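The values are calculated or read from the model by the stated rules, or taken from the named source; none is laboratory data. Please read these numbers as outputs of a predicted model, since none were measured by experiment. Virtual Cβ from ideal backbone geometry, glycine too; neighbours counted across all protein chains shown.
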Amino acid sequence: MPIPAVRLNREKYLRNEEKYAAAERPDIIFLDLNLPKKNGLEVLAEIKKDPQLKRIPVIILSTSRAEQDIFNAYNLHANCYIIKPLSLEGFLDVVKAIHNFWFSIVALPPNRDYS
């Protein structure tokens, strides 16, 4: 499934609010720690606190190798932490591995609430 390259309000999109009411929830969230307006760890904490969003796996993709960043991400329930490779070839290899693991091996939670 192609990923749309659009700028959106992430909170409203993830919660299916307003113009995003018909949008499908993502199967996985890819999150960088270095975001322009809010720290990625803050976004991760918000996602994992939200009863409607907390089951969506969050994959951290970051250039940071800092042990504190890795610790904090897992402490906030990130599903994995991947350090971005510097080369395009390395990055593409990581993307293929992520796709293979998360979409061929892992059983993802359904996009509906069973509670």
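Against the conditions (1) basic (Lys, Arg); (2) surrounded by 13 or more Cβ atoms within 10 Å (Cβ to Cβ); (3) farther than 16 Å from residue 28 by Cα, residue 55 satisfies every one except (3). The numbered conditions (1) at pLDDT below 80; (2) under 11 Å from the mean Cα position of the chain (by Cα) are all true for residue 1 except (2). Just one residue in the set 34, 72, 9 is surrounded by 12 or more Cβ atoms within 10 Å (Cβ to Cβ), modelled with pLDDT under 90 and farther than 19 Å from residue 102 by Cβ; that residue is 9.
Would you call residue 92 assigned to a helix (DSSP H, G or I) and not β-branched (Val, Ile, Thr)? Criteria met by residue 92.
Conditions first: (1) in contact with a helix residue (DSSP H, G or I) (Cβ under 9 Å, 6 or more places away or on another chain); (2) closer than 21 Å to residue 103 by Cβ. Residue 40 passes all but one, so which condition is the exception? Against the list (1) in contact with a helix residue (DSSP H, G or I) (Cβ under 9 Å, 6 or more places away or on another chain); (2) closer than 21 Å to residue 103 by Cβ, residue 40 comes up short only on (2). Filtered by the rule that a residue be surrounded by 12 or more Cβ atoms within 10 Å (Cβ to Cβ) and either touching a residue at least 40 places away in the same chain (Cβ under 8 Å) or more than 17 Å from the chain's Cα centre (by Cα) (or both), segment 81-94 gives 85, 93.
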